[in-house]
Number of protein chains: 2
Amino acid sequence: MPRPIMLGIVGDSGSGKTTITRGIVRVLGQDQITDFCIDDYHRYDRKQRAERNITPLHPDCNYLDILAQHLEHLRANNPIMKPVYRHADGTFGAPDYLQPKRFVVAEGLLGFYTPELRDMFDVRVYLDPPEDLRRHWKVQRDCSRRGYTTDQVLAELDRREPDSEQFIRPQRHHADLVVSFQPPAPGADYEHLDAKLTLRDSLTHPDLSGVVADGVEDGLVLTERPGCQELYVPGKIPSERAAQLEETIWEKMHFAQHLRQEKLGEFTIGTELHRSDSLALVQLLILYHVLTARHLVSLGAQSSRGFESSELEELLATEQPA
Amino acid sequence: MPRPIMLGIVGDSGSGKTTITRGIVRVLGQDQITDFCIDDYHRYDRKQRAERNITPLHPDCNYLDILAQHLEHLRANNPIMKPVYRHADGTFGAPDYLQPKRFVVAEGLLGFYTPELRDMFDVRVYLDPPEDLRRHWKVQRDCSRRGYTTDQVLAELDRREPDSEQFIRPQRHHADLVVSFQPPAPGADYEHLDAKLTLRDSLTHPDLSGVVADGVEDGLVLTERPGCQELYVPGKIPSERAAQLEETIWEKMHFAQHLRQEKLGEFTIGTELHRSDSLALVQLLILYHVLTARHLVSLGAQSSRGFESSELEELLATEQPA
């Protein structure tokens, strides 16, 4: 069995990690995925953090050495004994024995903090909503699902801000994809948010210029920048344009057609289920990289990095060995 | 810093692992030793074992793969996150972050069960008291220190016997030193037990023929056998003979003279402290191997195995690099 494909989803608390991951898990199948929470590697429990006046965002508050060791084992198809942090009461429980499946999705705060950690991922995604949007999301979730008051959540955000600035946000520079949903215009709803994607050259992204080039009038814009492309997907993208873009991406993955289902783009506001085309496209782009990495590793490649566009296209057209 | 020296002390429950280890820790210094309990790697807690009718002696009841992984990390001077089994209530607690010190002493039931595990140890000691002596020791300890009744302990011993026979005892074939204290003669006390040691050729043992050769009349006997020597140390060995033997062993370790103190041979019966010359000699022989391994690894050797006697003597006479 080839080694698992490692996807890292990093971002501050409330930045949308779970929402992004959910669609990816639905498409790949829960039985194919080892869901791995990086924040289980805290060094101190809630009480100890309070005593030391340290936030969980601080690298010193986490066993990043053990995290790197465990990610390396998972990548090599070895089992690990994963620590367990219990958010409910802020203490540690008995560790879990974890055997990696075909895909490992590691979510959390500090996954790209050290070179050792970054090296473990085939696909590195950083979620980077503007702070006002993240605050809105975090208040909404922590109040509705975790039983905090708005004042408590806002106070905690302020307390953590220096560490967010110093340790969390700089990690965006090390991501292959930076996803930045945009706050709604004043008075607009939170259902159809624009997405600004930075697609770094550290991975070879699918060529979308054919679809997007003439899209200036509907707000779908692809901009070349040094070292990256920037893709702007309007939240209210016409559905035929969204479908066209999806089609273009799926077409490049003939080896994964059996996964093509309408499962992307779902999210919740409170307990209500919604769907967003821009979210679906973000998830599909991540899936593209995960699935091409899977295909390339199955063909014997060490990773999916460092390929020229033409070379990659040829390899993606290759049938997977039986 | 050179890698830690790995000592494995394996034997059934109540075979004397803690007693043997205590003297070694006292000489090397607690601050130099990472004490590592193999039985923390149980797969099931007490309740789950009862439900499955499986004993902790069964390999399937332990994460031996994770144990081997962790021993390999410790040997390579890497930290680990060690699971914790709580004997008090038979459940698992939060894991411990462990950074190896100069010596790692791993004690437990199944440390030599697989080749992967055995390969991790510089010195492999198996404790092999005859069953009647082990039953006596286990009853004594479990009743006085762990609050069980004699009947409970004996019933548990019977329940575990098939697994002891199948999984634990065969490990003695893989030890460098097999230590077998002998039950006292009828009516005699448990204070001065004879020790029968099997010294396998898998390590180069100190040459004791000069001291022991003429010792037939006092019961100190060294016998050459295929693949090993057998050393018989009477519990009532005259103290000048014991001192002579100790002197011979210490003389071969000029690099470790600063550790030469009267700390070996102590043990408890109930809560009373006693001293035994045969126990002290067993501990000193183990120490000899641990300290020569330390010296050889400091000199750049991969391990202390596979040396000819003469080659080893020359290396042990070499000054340690500053």
For the protein assembly as shown, share of DSSP beta bridges that run antiparallel, in % to the nearest 5
60 percent
Counting only DSSP beta bridges with both partners in the range B:5-317, the antiparallel fraction in percent, to the nearest 5, comes to 60 percent
Find every distance from the label point of B:Glu311 to the corresponding label point in the other copies (7 Å from Cα along Cα→Cβ) and write them in nm, one decimal, shortest first.
4.6
Once label points are set 7 Å from the Cα along Cα→Cβ at both A:Arg159 and A:Ala317, what is their separation, rounded to one decimal in nm?
5.8 nm
Towards the positive end of the charge dipole of chain A, with charges on Cβ (+1 Lys, Arg; -1 Asp, Glu), say which of A:Gly93, A:Gln171, A:Val125 has the farthest Cα.
A:Gly93
Where labels lie 7 Å past Cα in the beta-carbon direction, separation of B:Asp151 and A:Glu247 in nm
8.1 nm
Classify the range A:204-322: rounded, prolate or oblate, from the alpha-carbon gyration tensor (a ≥ b ≥ c, eigenvalue square roots; a/c under 1.5 rounded; otherwise prolate if a/b is larger than b/c)?
oblate
Efficiency of FRET between A:Gln302 and B:Asp96 - r from beta-carbon atoms, R0 51 angstrom, step 0.05
0.90
I need the inter-copy label distances for B:Pro115: point set 7 Å along Cα to C-beta, values in nm with one decimal, smallest first.
3.6
Neighbours of B:Gly23 by Cβ distance under 11 Å: Lys/Arg at +1, Asp/Glu at -1, summed charge +2
Counting other Cβ atoms within 10 Å, which GluC sites (Glu not before Pro) in the range B:181-233 have at most 15 and lie in a DSSP loop?
B:Glu191
Of A:Val178, A:Val123, A:Val221, which is the most mobile in a GNM of chain A whose springs link Cα atoms less than 10 angstrom apart?
A:Val221
For the range B:5-317, just say rounded, prolate or oblate: build the C-alpha gyration tensor, square-root its eigenvalues into a ≥ b ≥ c, call rounded for a/c under 1.5, and beyond that prolate if a/b exceeds b/c, oblate if not.
oblate
If you count the DSSP beta bridges with both ends in the range A:1-134, what percent of them are antiparallel, to the nearest 5?
30 percent
Computed lengthening from B:Gln32 to B:Arg225, 0.36 nm per intervening residue step minus Cα-Cα distance
65.9 nm
Per the helix-only model, chain B has a calculated mean residue ellipticity at 222 nm (DSSP H runs of ≥4, -39500 (n - 2.57) each, divided over all residues, rounded to the nearest 500) of -10500 deg cm²/dmol
Mind listing which GluC sites (Glu not before Pro) in the range A:246-298 are in a DSSP loop and have 12 or fewer other Cβ atoms within 10 Å?
A:Glu262
Quick check: from the Cα gyration tensor, does the protein assembly as shown come out rounded (a/c under 1.5), prolate or oblate?
prolate
Cα→Cβ-extended label distance, 7 Å offset, between A:Asp60 and A:Arg46, nm:
2.3 nm
Non-local residues with an amide H under 5 Å from the amide H of A:Phe92, with H modelled 1.01 Å from N and Pro and chain starts lacking one, are A:Arg86
For the range B:25-165, alpha-carbon Rg relative to the globular expectation (2.2 N^0.38 Å, N residues)
1.11
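Here, each number is a calculation from the coordinates, and none is a lab measurement. Predicted model, so just to flag it, every value in this text is computed and none were measured. Reconstructed Cβ throughout: ideal geometry from the backbone, glycine too, with neighbour counts over all protein chains shown.
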